[in-house]
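Trainee: First, the structure itself, so that you have it in front of you.
Each reported figure results from applying straightforward, stated rules to the coordinates on display, with no laboratory input. These numbers come from a predicted model, not from an experiment. We place every Cβ from the backbone using ideal geometry, glycine too, and count neighbours over all the protein chains shown.
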Amino acid sequence: MKIGRIKIEEVGETYGIISPDGKSIITKLDFQEQTGVPIPQTIKEFIVRGWIDEVKKYLNDLNFSNKINNTDLLAPIPDPSKIICLAFNYYDHARDAGLTPSNEPVIFIKPRTTLNHPFNDVVCPYFVERLDYEAELAVIIGKNTKDIEPENASDCIFGYTILNDVSARDIQFKDKQFTRGKSIDTFAPCGPWITTKDEIDDPQNLQIVTKVNGEIRQNSSSSKMVISIEKIISSLSKVMTLEAGDIISTGTPAGVAMSMKEPKYLKSGDVVEITIENLGTIRNRITFA
């Protein structure tokens, strides 16, 4: 099942269930009218209170009355308590950076003010000179979790989405840590929706492709992760409580601009398109404020 947040002119911001082909959506209100089932007011409540099984009973009989093209898709989670990102969690990306990957998650946290919608502009401050992209498979946590073992970690996953960990490399290299250069407003476009875990047979074998102005920059697979999703969740849960609605972005593969012999950093007007197999596509234009 695909679930997403949208904005419709006559309704405002809401959420709904996306059709299997990704072309239409039934809003929360329309779902209630068609089924008589009063699903929660917000998408986060939907996740926390575990409505997937109830809603799936009705999927084959729903009239997906709104075309996706007639709506504005929004970032799937509006207010996560945490956006946790992994550094150098792909063998090929670590190799290109001249690093030996760690067997424990190396993390940083992006503030929720970085969240951006799947098709909105990334707005970069004028003083950034080396702007980069990072296509990442992101995990949406479905319930509060602490001290979980890897073999049970999938129990706390609600689903998956795409996240672009946009990075100001000049700030990152100057600071010698990641937070400021990755925490600029709009620097975490994500979406286009959440695909629930039951639709993804193997999250460790999904193709990841990034294009900039149509040119393929990243073409890899989640199979090249150093630390698996289950081990990431387990390791993080040993040091912090993972809460429903949290986003864990699992790192990026090779092909980022900074690792090129002649780096092709992003410029104003560039369009970054990220596609992950079975999860959809996000597309964001770069503008400099």
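A quick yes/no check of all residues on (1) part of a strand (DSSP E or B); (2) of a type in the set (Lys, Arg):
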site: ARG180; (1), (2): no, yes
site: LYS211; (1), (2): yes, yes
site: ILE216; (1), (2): yes, no
site: SER220; (1), (2): yes, no
site: LYS231; (1), (2): no, yes
site: ILE248; (1), (2): yes, no
site: ALA254; (1), (2): no, no
site: THR275; (1), (2): yes, no
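Trainee: Among residues belonging to segment 1-27 that are out of contact with any Lys or Arg (no Cβ under 6 Å at 6 or more places or on another chain) and farther than 19 Å from TYR58 by Cα, point out the one that is surrounded by the fewest Cβ atoms within 10 Å (Cβ to Cβ).
Mentor: GLU10
Trainee: Still on this model: State whether one or more residues within segment 59-81 are under 27 Å from ILE184 (Cα atoms), crowded, with 19+ Cβ neighbours inside 10 Å and in contact with a Leu (Cβ under 7 Å, 6 or more places away or on another chain).
Mentor: There is at least one residue in segment 59-81 that is under 27 Å from ILE184 (Cα atoms), crowded, with 19+ Cβ neighbours inside 10 Å and in contact with a Leu (Cβ under 7 Å, 6 or more places away or on another chain).
Trainee: Tell me the residue from ILE194, ILE208, ILE247, ILE232 that is in contact (Cβ under 8 Å) with a residue 60 or more places away in the chain, over 30 Å from ASN69 (Cα atoms) and surrounded by 15 or more Cβ atoms within 10 Å (Cβ to Cβ), please. Break it down stepwise before answering.
Mentor: Values: ILE194 fails: over 30 Å from ASN69 (Cα atoms); ILE208 fails: over 30 Å from ASN69 (Cα atoms); ILE247 fails: over 30 Å from ASN69 (Cα atoms).
Going through ILE194, ILE208, ILE247, ILE232 in turn, just one is in contact (Cβ under 8 Å) with a residue 60 or more places away in the chain, over 30 Å from ASN69 (Cα atoms) and surrounded by 15 or more Cβ atoms within 10 Å (Cβ to Cβ): ILE232.
Trainee: Moving on. Between residues in segment 155-181 that are free of Cβ contacts under 8 Å to residues at least 40 places away in the same chain and more than 22 Å from ILE47 (Cβ to Cβ) and residues that are hydrophobic (A, V, I, L, M, F, W, C) and in a strand (DSSP E or B), which pairs lie under 6 Å by C-beta distance while being six or more apart or on different chains?
Mentor: Hits for this filter: GLY181/ALA168.
Trainee: When ASN278 is evaluated against the numbered criteria (1) more than 21 Å from GLY159 (Cβ to Cβ); (2) surrounded by fewer than 20 Cβ atoms within 10 Å (Cβ to Cβ); (3) in contact with a helix residue (DSSP H, G or I) (Cβ under 9 Å, 6 or more places away or on another chain), which criterion, by number, is the only one it fails?
Mentor: ASN278 satisfies all of (1) more than 21 Å from GLY159 (Cβ to Cβ); (2) surrounded by fewer than 20 Cβ atoms within 10 Å (Cβ to Cβ); (3) in contact with a helix residue (DSSP H, G or I) (Cβ under 9 Å, 6 or more places away or on another chain) except (1).
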